[in-house]
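The values are calculated or read from the model by the stated rules, or taken from the named source; none is laboratory data. Here the structure is a predicted model, which means the values were calculated and not measured. Using ideal geometry, Cβ is built from the backbone for each residue, glycine included, and neighbour counts are taken over all protein chains shown.
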Amino acid sequence: MAKLTRRRLLCATAPLAAAPLGVKLALGGQAEAAGHDHEAHRATAGHVETAASGHAAMIGEGAPAVGGPNDLDALLYPPDPRPHRPGRVREYTLVAHDVELEIAPGVFFPAWTYNGTVPGPVIRATEDDLLRVRFVNAGAHPHTIHFHGIHPTNMDGVFEIVGPGDELTYEFPARPAGFHVYHCHATPLKKHIHKGLYGAFVIDPKEPREPARELVMVMNGYDTDGDGENNFYTVNGRTFYYARYPIRARKGELVRIYLANLTEFDLINSFHLHADFFRYQPTGTGEHWEYTDTVMQCQGQRGVLELRFAHAGTFMFHAHQSEFTELGWMGYFRVEE
Amino acid sequence: MEARTAAGEVGWRLWALVPILLLALAVAAVVSQGDRVVDLVGGAPPPADELDVRRVELRQGEIRVLVRNPQREDVTIASVTVDDAIVPFSLDGPATLGRLRSSTVVVPYDWVPDEPLSIGVTTSTGIQTVHDVPAAVLTPEPGARGFLGYLLIGLLVGVVPVALGLLWLPSLRRAGSAWLAAFMALTAGLLTFLGVEALFEALELQAGLPPSLGGPGLVLLGVAASALGMTFLSMRLTKGRVGASGLALALLVAIGIGVHNLGEGLAIGTSFATGELQLGAFLVIGFMVHNVTEGLAIAAPATRARVTLVRLAALALIAGAPAILGTWVGAYATNDVLTPLFFALAAGAALQVVVEVGRYVARTAPGGLRSGWAVGGYLAGIAAMWATGLLTG
C-alpha cells in the first residue's frame, strides 16, 4: 500500500467523498467521534497553557538555561568607564581558543572563542585612549580581530592573518566614541563569525555619559547542526539565561544597555522591552535618540538604550521575532523599589 | 576400529570449532587495536547523531514521540522543539540511548487540530532530528468505540468484498474448462500483482528502518520464510503430492491473500492513526472494489470442488479478516518493523501461490500454460488489479 500516493489521491478527490451506502454509518460514527474529541481538546487548552507550557514555564527553574547565577557577569557588566585622558594606554589580551560550550542544557557547541566565551570579553576604552590589544591564536585555525572604528588599515584585522600559534598586537587610538563591535575577519567569514569570534567594544565619549547601571547585551545564534540556519538564539551566549537569572535593577535608576547584533544567517535581530519604553541611540553616536520599546538591528549593527523603569516588577525582554524568542532569546529584568 | 572412527568423528567436530575460536581471537584483536588500523587510512567521521522517530501520538494537551537511536554510538536527548520553539519536556525512558534503544519524549503542548506540526529532537551535539506531522489529529487510544470502528473498516475493506467475490462461484461452475482455466490464470495474475505490490511496499518500508534493523535482508527473510512455509502447507494439504487443487488450492490462495490483507490493514491503521491518511469513504470504496477481485481468485480453484457454505465463509474470513487485525495493531501499536515484515511475508506467500496456481493451470488448461486462455486470463488478472487499484491511489 503506497500510503503517500493514496493520501495524495484522497486529497484530490476529497470533495467526491460524500459517503454513500452503509459505509456512511460506520465512517460517519468515526468522524463524529473525532469531532467530539477536538471540542474537548479546545475546551481544556487554556488550562494546559498555564499548567505546563508557554512562557510561564520559562521562568526561574523552569527556564532551560545553563549554569549558575553569576556565570555571565563578566559579559553583562562592562568595565567601569574612565575619564577622558588622551594618549593613555589601554591594554587587553585576547586569546583564541577552541572550546566546547554548553549553550543550552545538555547541548554542546564546538565554538571558536576569544578568551573562552561567546561572545568574547567586553573591550572598553575612552575616546583618544591608545588601545593595545595583544591577540594570541591558540586555536586550530587562522584568525584575526577586526575592530569597528577609525584606525590605520594595517590594524584592521583583515590582511594580517594570525596563524595557529602566532600572535599579533593591534594598536590604535580609540575612535570614534560610541558602541562598536569586534570580530574575526578570516575566511570563510560566515564560519569564523558564527563559531563565536565576536564581542562588544565600548568607546566612551570625552564628555562622560551620566552614571548608570550599565549592561552589555550581544545577540547571537547557534547553528548546531550545520544546515545554515540557527537552532538556538541567545543574548550573551546561553539560551534563556536571564529568564532563569533575571537582571536586577532599581525603579527609577538610570539603566543603560549596550546592545549589539552578531547573529549570523538571519538578516536581523531585535530587542523588545515589555511594560516600559526606552530611548535608543543608534551606534551610540550622534544626537538622535528614538523613543520606543522595540529596536531592530542587522548583523553588526548596535546602539545604546537608556531607560528608568517606571514600576517595580518583572519585565520581560526578548527578540520581537517570536521564533528567536522561543528558541532561547528571552529574559527578564527584576526591578525592585 | 569402531572406537577410532568415533574418536575421529569427535576430532572433526572439534576441528569445526577452530575457525570460530580464531574468529573470536581476531575480533578481540580488532576491538583492542582496531582504531589504530582505521587511523592508517584516515579519520572516521563523527557519528550522525540523528534519531529515528518511530511514532508520534497526539493526546489532549500532550505530544508523545517515540524515538530510537539507530547508530552504534550513544545518543543523548538534550532539547525538544515544537514548530521551532523550545518546549519543556520529560522523558519516559532514558535520556542517553544505546544502540537501537528507544525512549518516549513527552511534551505538554496545546496543539492545533488539523494543522501541521513539526517536532524537533536535538541531541547533546546539537544535531536536530525533525519530524513533520502533516495534520495534527487526536491519536486514537484503545477503546471499545475505536475497536468497533476499525472492526467495521476491516470488515468493509477485507471480509465483505472477498465474500462478495466468492458469490461468483455458481457462475464459475457453469463455465467450460477453457473459461475456467482462464479464470485460474486470472487468479495467478491477481496474485502476481499482489505479490509484486507487497514486495515493493516491503522494500520501501524497510528503507525507512535503521540499517542495523532492516535492510533488504529482512525482506528476503520474510519472503523466503513465507514461500517455504506455504510450500510446506501445500504438501501437507495434498498429503505429499506435488500440485494442490480444489479446496486445498483455494485455501492456499485465501491464506496468501489473508497475509497481504494483514499488511494492508497495518498500513491503513498506522497511516490513519498518525494523521497521514484521510480514511474517507472514497478510499474504503476503492479498497472494496479492489478486493472483490480477491474473492474471485479464491472462488476459481474451488469451482470443481464440493464446498459447503460454512467452508466458503471460512475462506472469506481467512482472506479478509486479517485486515481487521491489521488495522487494530496498526492503530494502537508501534509497528515500524512489523509492517515491512508482514508485507514481505505477503509477497512470499502470494508468489508461492502463483506457482501453485500455475501448476494447476498447466495441468488443466486445454493447451496448457501457453494457450490463449491462460495467457489472456493472466494478463486480465493483472490488468484488473491495476485498474481497480487506481481507486485506492
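Exactly one residue among A:163, A:139, A:116 is out of contact with any helix residue (DSSP H, G or I) (no Cβ under 6 Å at 6 or more places or on another chain) and at positive phi, and that residue is A:116.
Looking at the structure I just gave you, is residue B:63 within 14 Å of chain A (Cβ to nearest Cβ), within 33 Å of the chain's Cα centre (by Cα) and within 24 Å of residue B:134 (Cα to Cα)? Criteria met by residue B:63. Every condition in (1) within 17 Å of residue A:139 (Cβ to Cβ); (2) buried (at least 20 other Cβ atoms within 10 Å of the Cβ); (3) touching a Lys or Arg at 6+ places or on another chain (Cβ under 8 Å) holds for residue A:196 except the one numbered (3).
Select the strands (runs of 3 or more DSSP E) contained entirely in the range A:120-215, then report the ones holding at least 3 residues which are over 30 Å from residue A:287 (Cβ atoms) and not basic (Lys, Arg). Full working, then the answer.
Values: elements: A:123-126, A:130-137, A:167-173, A:178-183, A:198-204.
Passing ranges, in order: A:130-137, A:167-173.
Filtering the range B:15-32 to residues that are at pLDDT below 90 and surrounded by fewer than 10 Cβ atoms within 10 Å (Cβ to Cβ) leaves B:15, B:16, B:31, B:32.
Mind telling me which of the residues B:76, B:122 ends up being surrounded by fewer than 19 Cβ atoms within 10 Å (Cβ to Cβ), β-branched (Val, Ile, Thr) and either on the phi > 0 side of the Ramachandran plot or within 9 Å of chain A (Cβ to nearest Cβ) (or both)? Talk me through it step by step, then tell me what you get.
Working: B:122 fails: surrounded by fewer than 19 Cβ atoms within 10 Å (Cβ to Cβ).
Checking each option against the conditions leaves just B:76.
Residues of the range B:97-117 that are in a strand (DSSP E or B), of a type outside the set (A, V, I, L, M, F, W, C) and more than 10 Å from chain A (Cβ to nearest Cβ): B:102, B:103, B:104.
Just the residues that are in a strand (DSSP E or B) and in contact with a helix residue (DSSP H, G or I) (Cβ under 8 Å, 6 or more places away or on another chain), please, taken from the range A:249-269. Residue satisfying the conditions is A:269 alone. Just one of (1) out of contact with any Gly (no Cβ under 6 Å at 6 or more places or on another chain); (2) within 14 Å of chain A (Cβ to nearest Cβ) fails for residue B:81. It is (1). Going through (1) in contact with a His (Cβ under 9 Å, 6 or more places away or on another chain); (2) under 19 Å from residue A:307 (Cα atoms) one by one, residue A:220 falls short only on (2).
In the range B:285-302, of all residues being β-branched (Val, Ile, Thr) and buried (at least 22 other Cβ atoms within 10 Å of the Cβ), the one that is nearest to residue B:180 (Cα to Cα) corresponds to B:298.
When you look at residue B:58, is it touching a Phe, Trp or Tyr at 6+ places or on another chain (Cβ under 7 Å), within 30 Å of residue A:324 (Cβ to Cβ), assigned to a strand (DSSP E or B) and not charged (D, E, K, R), yes or no? Can you show your working first?
Numbers: touching a Phe, Trp or Tyr at 6+ places or on another chain (Cβ under 7 Å): yes; within 30 Å of residue A:324 (Cβ to Cβ): yes; assigned to a strand (DSSP E or B): yes; not charged (D, E, K, R): yes.
Criteria met by residue B:58.
In this structure, is residue B:91 within 14 Å of chain A (Cβ to nearest Cβ), over 27 Å from the mean Cα position of the chain (by Cα) and either of a type in the set (Ser, Thr, Tyr) or in a strand (DSSP E or B) (or both)? In short, yes. The lone criterion from (1) modelled with pLDDT of 95 or more; (2) assigned to a loop (DSSP other than H, G, I, E, B) left unmet by residue B:138 is number (1).
The single condition from (1) farther than 18 Å from residue B:201 by Cα; (2) surrounded by fewer than 22 Cβ atoms within 10 Å (Cβ to Cβ); (3) among the aromatic types (Phe, Trp, Tyr) that residue B:386 fails is (1).
One residue alone among B:148, B:152 is assigned to a helix (DSSP H, G or I), without any contact (Cβ under 8 Å) to a residue 12 or more places away in the chain and surrounded by 17 or more Cβ atoms within 10 Å (Cβ to Cβ), and that residue is B:152.
Checking B:267, B:333, B:281, B:273 one by one, the residue that is without any contact (Cβ under 8 Å) to a residue 24 or more places away in the chain, within 12 Å of another protein chain (Cβ to nearest Cβ) and either surrounded by 23 or more Cβ atoms within 10 Å (Cβ to Cβ) or not aromatic (Phe, Trp, Tyr) (or both) is B:281 and no other. Among the residues of the range A:222-243, those that are of a type outside the set (Val, Ile, Thr) and away from chain B (no Cβ under 12 Å) comprise A:228, A:236, A:237, A:238, A:241, A:242.
Only residues that are without any contact (Cβ under 8 Å) to a residue 40 or more places away in the chain and part of a strand (DSSP E or B): list them for the range A:270-295, please.
Start the filter on the range A:270-295 by keeping residues that are without any contact (Cβ under 8 Å) to a residue 40 or more places away in the chain, which leaves A:276-282, A:286-295.
Result: A:278, A:279, A:280, A:281, A:282, A:290, A:291, A:292, A:294, A:295.
Go through the range A:296-323 and give me each residue that's under 13 Å from the mean Cα position of the chain (by Cα), over 21 Å from residue A:240 (Cβ atoms) and not in a loop (DSSP other than H, G, I, E, B). Within the range A:296-323, A:296, A:298, A:302 meet the criteria.
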